[in-house]
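The values are calculated or read from the model by the stated rules, or taken from the named source; none is laboratory data. Small disclaimer: the values here were computed from a predicted structure and weren't measured. Using ideal geometry, Cβ is built from the backbone for each residue, glycine included, and neighbour counts are taken over all protein chains shown. With ligands, DNA and RNA removed, areas are computed over all heavy atoms of the protein, side chains included. Shrake-Rupley method; radii C 1.70, N 1.55, O 1.52, S 1.80 Å.
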Amino acid sequence: MINYIKSENYRLLRKKSLYLTTAICFILITAAAFVLYYFNEVDAHFPYGTSSFFYSNVLGMGVLIIIISFVYNATLTGKDISLTKQAVSFGISQSSIFWSKLMLTLCYFMFVCIVGILLMIGLGEILFAKEPETTGNFLIASFNMVPIVLSGFILIHTLKMLKISDIYNIIIIVFIYIFSGDLLYFVFRQINGWNEFYLFAPSTQLNDNLMSFMNQSMQLDYRYWVTGIVISVIALFIGAATFTKQDIG
């Protein structure tokens, strides 16, 4: 398995899409900061030239971040999935293939996310006036988002490894991370004991996380981790079990 991981890592580092996507993300973050800074400098009444507004833009784009993770995931689960048959013929188990691709792409994605957060904090501290507790609240909000974003990444990995069409992949992600809360609220709103079940929906949690940050009432919440872990475990259990039984030929 170690040799297979090294091989996959070598191929991953030769993917232009990996560097292009990373560069675009960092450029957009930097551009957003300087646009806000510019308008704040030329207009004394510009209300959005603050670090809190700058940070809130990212916190409000949880679904977009998950969709961006689709690109990182696709570096080893896109066209390269066709090479799985060759790997199996060399004695690599399908289980090793499933977990190796996940570990590699997830590590690179997490690294990019961490660098992105540090870049945002650096720009926020340098370009905008200091706001009490804003940076701390941003870090807490980002920590709350971690399990939700990672569950999206893992779900995408599972769907792609099972060769689910990209269009259906995106539809599933959008449904779970944008509309699940509204659906659960509609279904369970009149059932005692279940009428607050929607609070555990990813879409509800992403929205609540943003609202808490904007209201400066940020705090760590275990519910994000419960939801993220449940989605991840279910996706991995179904994905790994199904992929290992698939006929690669």
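Summary table below
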read-out: L162 paired with K6, simple spin-label distance in nm, labels 7 Å along Cα-to-beta-carbon; value: 3.4
read-out: Value of relative contact order over segment 2-245, rounded to a whole percent, pairs C-alpha under 8 Å and six or more apart; value: 26
read-out: Rough spin-label spacing in nm, given labels placed 7 Å along Cα→Cβ, for I171 and I24; value: 2.4
read-out: Charge dipole of segment 2-245 about the Cα centre (unit charges at C-beta), most positive-ward option of L59, I92, F128; value: I92
read-out: Size descriptor, Kirkwood hydrodynamic radius, that averages inverse alpha-carbon separations across the chain, Å; value: 19.7
read-out: Within a Gaussian network of the chain (alpha carbon springs, distance under 10 Å), most fluctuating of N207, N40, N137; value: N40
read-out: Linear extension gain, Y222 paired with Y185, 0.36 nm per residue minus alpha-carbon span; value: 11.3 nm
read-out: Listed residues V112, V88, V42, most fluctuating in the chain (Gaussian network, C-alpha, under 10 Å); value: V42
read-out: Karplus-derived 3J(HN,Hα), 6.51/-1.76/1.60, for each residue of segment 167-184, Hz, glycine and proline x; value: 5, 6, 4, 5, 4, 4, 5, 4, 4, 5, 9, 10, 10, 4, x, 5, 5, 5
read-out: Under 5 Å, built H, 5+ apart or other chain: amide partners of S93; value: none
read-out: In Hz, Karplus ³J(HN,Hα) per residue of segment 147-155 (6.51, -1.76, 1.60; θ = phi - 60°; x = Gly, Pro); value: x, 5, 5, 5, 5, x, 4, 5, 5
read-out: With all protein chains modelled, accessible area of D182 [1.4 Å, Å²]; value: 110
read-out: Max mean-square fluctuation residue, GNM over the chain, Cα-Cα springs under 10 Å, options T158, T134, T21; value: T21
read-out: Pairwise FRET efficiency - E133 versus N195, Cβ, R0 = 35 Å, nearest 0.05; value: 0.60
read-out: For the chain, calculated [θ]222 nm from helices alone, where every DSSP H run of n ≥ 4 adds -39500 (n - 2.57); value: -25000 deg cm²/dmol
read-out: Solvent-accessible area, 1.4 Å probe, carbon plus sulfur percent, for the chain; value: 69
read-out: Average accessible surface area per residue within segment 2-245, 1.4 Å rolling probe, Å²; value: 54
read-out: C-alpha center-to-center spacing [segment 45-80, segment 152-177] in angstrom; value: 17
read-out: Exposure of I167 as accessible area (Å², to 10), given a probe of 1.4 Å and all protein chains; value: 100
read-out: Accessible area, probe 1.4 Å, largest first, for residues K245, K163; value: K245, K163
read-out: Hits among lysines - C-alpha to C-alpha of K160 under 29 Å, sequence gap 8 or more where chains match; value: K6, K15, K16, K79, K85, K101, K245
